[in-house]
Structure formats: structure tokens, C-alpha cells
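Working notes, structure below.
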Amino acid sequence: MHNRREFLKLSALLGLAASGLPQWAKASAKVSKPVVVSTWEHGQPANAAAWQVLSAQGSALDAVEAGVRVPEADPLVRTVGLGGYPDASGKVTLDACIMDHQMNCGAVACLQDIKHPISVARKVMEQTPHVLLVGEGAKAFALEQGFTEENLLTSQAKADWLAWREGQKATPQINIENHDTIGMLALDTMGNLSGACTTSGAAYKLPGRVGDSPIIGAGLYVDNQVGAATATGMGELMIKTVGCHLVVELMAQGLTPQQACQKAVERIAARLGDYQAYQVGFLALNKQGQSGAFCIHPGFNYALQDNSGSKLLDSASLLGAKV
Ligand code: ASP
């Protein structure tokens, strides 16, 4: 008969003690923190701003807000905030959401004339009992909170829109190139996760269209016990599959961030017949500070910053197997 000590020894040898744990927890108890990841190349300067907060022992929540404000304010980033592509009628309408380590979240959709929708989303989270404010109501709330109104349609964006309107029928331009939302996920020195996502949405979208980016579960999700995920690409596909919640749930079942992102893209491909016409990219970060990404078409990349420095990484893809 085995005594307890022998049983534990045997269990360890057989790997039984760890069998109920997720793969990432089995692999290592070591946590890499702080760390911040964000979508696309414009994620690098955004991560640098987030890193200033994280490396000074600031919170992941403050870091992601500070980080995504960088592309929001940059007129050269044509898919977020100031300088973003307008809708089919020439109006810049912005979507954003933010989520912290305690399941608090806030969002705005179809917000006009306010440069930093992410900060308005944070105010929704902290100053109201609601999660999502839209359109005129979101703008009135922002003004009441002290945000200032400004024209976000830059002369370059206006010229592009006019050229599009000349050459095209008035249908939204939706292809694999015009998606460049910033989604950012951070793990702070306290071991807490938060995320933010902000965009001007699909270029020349139908007026009133809202994508995945302000929808908790679709464009962003954070579960502080497990991990966080964000998305970029054709928002309708993420909404139909509640994509970021799916990625986090897959991590909760034991998949690594990389495996979870891949499985979510495969789910989209298995369920939605026209998936090849669109780009979708998921980015995930788990509680141990491990990250991963996966997309439909090659071309999606993401920025990572941790104690070893800053990197721009290519995502693996379903149709290109590019790593
Ligand atoms: N996901 C965004 C949307 O559908 C677009 C993007 O990623 O650029 O609005």
C-alpha cells in the first residue's frame, strides 16, 4: 500500500498532479511581467507610452488608456481617432471600449468630434452605471465630462473620401487592407490584466454602422483569472462569433494564447462561408504574460513590449501559414 508521500511522488512522475491545470500553467509557473501587446505597427509607439506607465509600477488600466491615446491623436494613423477614414457620408465616427481586471468596462460607439474615445469609454466605465453610450448621447456625455469638440476629418482623409465617392458607388469599402484598429492588452507588475480597443471602423462604412471594437466580448475581452484578447479586421465576423470572449474561453480551457487565437479563426472559417473575403486578426495575452496571435490572411502584425525590449511580430495565418 502506498503511503501519502509515495502517492505524491508517483503522481508527480505520472504528471497527475498537474493534469487538471491549463497547459500554460503546467508549462511554467514563471510569470513574465509587465508586458504590453497591441495590434499593428502603430502599436509600437502606443506600447512605448503604455510602457512608461507599466515600468513605473502603474496599473494595466492606466497603461492601455495612455497607450492607445497615441494613435488616436496621430493624424497619420488613418484608422483610429483624428485623421481616421470617415463613413460613406464623410463623417468620422469612432468606436472604443476599455475593460479592467475586475470586469468593469465602458464603451462608446458612433461618437463624433471627440479625439479620444478611449478616455470617454473610461469615463462611461467609472462615472456611470452603464457600459455603452452611442452617438449623440455619447457626445453629450463627453462634453459634460469636459472633453472638447474638434473636427477629426483631416484634409487628407477628406480628399481620400471625395476620391472614393467619385470613383465608387456609395457602398462601404470593406477589404483586407482597410482594417487597422488598435487593440491593446497589458499585464502590470501587480499581475493584473486590462485591455483597450479604439477605431474609426471600416472606411466608408454605412452611416450608423458599429463594428466589433466597442462591443465587449467581440472586439475586446478581459478575464483577470485567465487572460485577455482583442481583435482587428472585419468586425461583423467578430460580432457573429463573439470572437474575443471565445479566445479567452479557449485559454480558460487550457490553450495557449497562440492556440486560442488559431482556434477562434478556425471557428470563423468553419461557420462563415465568406470568411476568405475578409481579414480578421486576434491577439491574446494570458495571466502568465505569454502572448500569441492568428489571422485569416497573412499581413497582420502586432507589437510586443516587455523587459527585453520592443518587437514587431508577424502573426501566423490560416491562408498563408506565415509565422
Ligand atoms: N474591427 C474594426 C471594425 O470592424 C475595423 C478594424 O479592425 O480596423 O470596425
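Please treat every number below as a calculation from the coordinates, not as lab data. Predicted, not measured: the structure shown is a model, and the values here were computed from it. We place every Cβ from the backbone using ideal geometry, glycine too, and count neighbours over all the protein chains shown.
Suppose every K and R has +1 on its Cβ and every D and E has -1 on its Cβ; what is the size of the dipole of the stretch 90-235 about the Cα centre, in Debye to the nearest 20? Can you show the working numbers first?
Working: 10 positive and 15 negative charges, 78 e Å.
So the dipole magnitude of the stretch 90-235 works out to roughly 380 debye.
Suppose each label sits 7 Å from its Cα in the direction of the beta carbon; what would the residue 313-residue 253 distance come out to in nanometres?
Distance between the two pseudo-spin positions: 2.3 nm.
Which pairs break 18 Å Cα to Cα here: 240/287; 115/139; 91/205?
240/287
Within 12 Å, Cβ to Cβ, of residue 183, how many net charges do the neighbouring residues add up to if Lys/Arg are +1 and Asp/Glu are -1?
Numbers: positive: none; negative: 95, 180, 212.
Net charge around residue 183: -3.
Starting from the Cα gyration tensor of the stretch 283-323, take the square roots of the eigenvalues, sort them a ≥ b ≥ c, and report rounded, prolate or oblate (rounded when a/c is under 1.5, otherwise prolate if a/b is larger than b/c, else oblate).
Working: a/c = 3.35, a/b = 1.76, b/c = 1.91.
Note, shape of the stretch 283-323 comes out oblate.
Can you find, among 128, 93, 187, the residue sitting farthest towards the positive end of the charge dipole of the chain, where Lys and Arg contribute +1 and Asp and Glu -1 at Cβ?
Farthest towards the positive end: 187.
Considering only the other residues whose Cβ falls under 12 Å of the Cβ of residue 160, what net charge follows from Lys and Arg at +1 and Asp and Glu at -1?
Local net charge: +2.
Would you mind getting me the FRET efficiency between residue 148 and residue 48? Use the beta-carbon distance for r and R0 = 22 Å, nearest 0.05.
So the FRET efficiency works out to roughly 0.30.
Using a simple spin-label model with points 7 Å from Cα along the Cα→Cβ vector, what separation in nm is obtained for residue 140 and residue 225?
It is 4.0 nm.
Explain nothing, just the number: dipole magnitude of the chain about its Cα centre with +1 on each Lys and Arg Cβ and -1 on each Asp and Glu Cβ, in debye rounded to the nearest 20.
Details: 25 positive and 28 negative charges, 203 e Å.
Dipole size: approximately 980 debye.
Taking the Cα centre of the stretch 191-289 as origin and charging only Cβ (+1 Lys, Arg; -1 Asp, Glu), how large is the dipole, in debye to the nearest 20? Walk me through the numbers before you get to the answer.
Values: 7 positive and 6 negative charges, 13 e Å.
It works out to roughly 60 debye.
How would you classify the chain from its alpha-carbon gyration tensor, with a ≥ b ≥ c the square roots of the eigenvalues: rounded for a/c under 1.5, else prolate if a/b is greater than b/c, otherwise oblate? Let's see the in-between values first.
Values: a/c = 2.20, a/b = 1.66, b/c = 1.33.
Prolate shape, in that a/c is at least 1.5 and a/b is the bigger ratio.
So, counting K/R as plus one and D/E as minus one, what does the shell of residues with Cβ under 10 Å around residue 106 add up to?
Values: positive: 122, 123; negative: 100, 126.
Around residue 106, the charge tally is 0.
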